[in-house]
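Take a look at the structure below.
Every read-out reported here was derived from the displayed coordinates using simple, explicitly stated rules and does not represent laboratory data. Treat the numbers as computed from the prediction; the structure is a model and nothing was measured. Backbone-built Cβ (ideal geometry, glycine too); neighbour counts: all protein chains shown.
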């Protein structure tokens with residue numbers, strides 16, 4: 001029988017797989033009703049609840065032409081916390097490509113994710129993303 005940590009890592013791995021496929025419904029199924037997501041260092045309150053979390057993530061990812069998770073993920077777990085170090089490749093229809101690394105802290109409750117906080121080098125995105133995309137996310141994130 002696996003440990004709580006192994007079980008939690010499995011849930012988080014399933015979540016990252018769903019995210020990599022932009023499987024919004026698959027992501028929602030792994031979140032608690034009161035789950036909260038925030039991209040630390042970006043404007044706005046983040047998203048709450050499965051619909052709010054996915055809506056927040058879609059702001060940045062839905063307009064991308066290509067989106068993939070690169071190999072080399074590191075994951076550690078202790079109790080109800082799982083921390084993941086991973087890199088995403090964002091491709092824009094205007095030709096820009098950004099490899100963006102994150103440390104993601106997820107907290108689980110009863111086998112579902114209740115908190116997801118991303119920590120990354122935001123200037124890697126703001127310095128390299130096209131202006132049209134930056135305008136899109138700023139407008140959406142601040143309700144403008």
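Please give the FRET efficiency for residue 76 paired with residue 29, using the beta carbon to beta carbon distance and R0 = 30 Å, rounded to the nearest 0.05. Don't skip to the answer; put the middle values down first.
On the way: r = 24 Å, r/R0 = 0.80.
With a Förster radius of 30 Å, E is 0.80.
Once the Cα atoms are used to define both axes, helix 131-142 deviates from the longest principal axis of the chain by about 50 degrees.
Roughly how tilted is helix 49-61, in degrees to the nearest 10 and between 0 and 90, from the longest Cα axis of the chain? Value to nearest ten degrees: 40.
Of all DSSP beta bridges in the chain, what percent run antiparallel (nearest 5)?
Values: 30 of 35 bridges.
Once the DSSP bridges in the chain are tallied, antiparallel ones form about 85 percent.
So for the chain, considering every pair of alpha-carbon atoms, how many percent are separated by more than 28 Å? So the portion of pairs separated by more than 28 Å is 15 percent. Dividing the helix sum by the residues of the chain, where each DSSP H run of 4 or more adds -39500 (n - 2.57), gives a mean residue ellipticity at 222 nm of -10500 deg cm²/dmol. Distance between the C-alpha centres of segment 60-97 and segment 4-37: 14 Å, rounded to the whole angstrom. Taking the fewest neighbouring Cβ atoms within 10 Å as the starting point, the ordered list for 56, 89 is 89, 56. With the contact rule set at Cα under 8 Å and sequence spacing of 6 or more, what percent relative contact order holds for the chain? Answer for the chain is 24 percent.
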